[in-house]
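Below: one structure, written as structure tokens.
Just so it is clear, none of the values below were taken in a lab; they were calculated from the coordinates. All of these numbers come straight from a predicted model, not from anything done at the bench. Positions of Cβ are generated from backbone atoms using ideal geometry, with glycine treated the same way; all protein chains shown enter the neighbour counts.
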Amino acid sequence: MNILSLSFPRCGANWLKYIVETIKSDCEYTKIHRLPLYQQAAVPSHDKKKIIVIVRDYKECIPRHMTVDKHRLGVVIEAMRKMRGLTATQNPLSYIHPLAVYDKWLEKNRLLIYYEDLMTGPEKQIKRIGAFVEADTSEFIDSYESHRLTSLKSYSDPQTKGEKLKFHRTIFSRKESFYIDDMFLRSEKCKQYKKYLMRYKESWIGKIAFNLGNKLLDFDKRTSLK
């Protein structure tokens with residue numbers, strides 16, 4: 001069985017690969033998670049290749065390709081506004097490319113996995129993966145913790161160990177977080193965003209409260225100057 005995995009870097013592709021290759025040892029597994037490969041690789045026949053797309057909160061994986069330095073982050077945020085001067089991994093819109101491929105794929109040969117669901121409800125998601133690749137998952141599920149720890153050994157410095165789902169996004173201010181949501185919604189990929197990624201969008205109530213708080217702060221500043 002030929003299996004193609006598509007993802008943006010830092011979405012959990014290595015953990016997915018470990019799961020699939022463990023429960024389906026005789027499969028031919030190809031992992032693609034670098035933007036240039038999407039442009040170079042020929043799309044295989046839908047009836048011969050199965051694809052698994054794994055996605056993660058974009059505010060968790062995108063910061064890993066920027067920097068923790070706030071000054072540099074400000075430069076990247078400004079470049080995002082102008083949509084120029086970005087590398088392949090810095091451009092957040094490249095995050096949606098795997099979903100654009102998934103959207104066009106033959107339905108019976110595609111599977112979408114959310115990293116957060118895989119980490120918080122592993123048994124259900126591993127069974128979904130097993131059914132998709134036609135493999136028994138009972139042994140893997142029974143020894144889940146052992147497999148998880150074995151997989152972590154492949155990382156030199158695992159920062160979250162799959163235990164913290166909201167960690168890297170703290171690099172963004174609330175204003176930057178809202179802006180990134182809006183950028184996706186205004187992009188040419190808004191169809192895929194609305195279809196698959198709305199779970200990651202900041203709540204409209206939170207945005208209204210944030211904007212209202214800023215207006216009240218500005219009002220207080222103006223009145224204090226009088």
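Extension gain, residue 145-residue 186: 0.36 nm per intervening residue step, less the Cα-Cα distance, totals 10.7 nm.
On the beta carbon distance between residue 202 and residue 107, with R0 = 25 Å, the FRET formula returns roughly 0.25. Exposure proxy for 187, 177, 143: other Cβ atoms within 10 Å of each Cβ, ordered fewest to most, give 143, 187, 177. Each of 182, 142 was scored by other Cβ atoms within 10 Å of its Cβ. Listed from fewest to most, they are 142, 182. Computing FRET efficiency as 1/(1 + (r/R0)^6) for residue 25 and residue 124, where r is the C-beta to C-beta distance and R0 is 25 Å, gives about 0.65.
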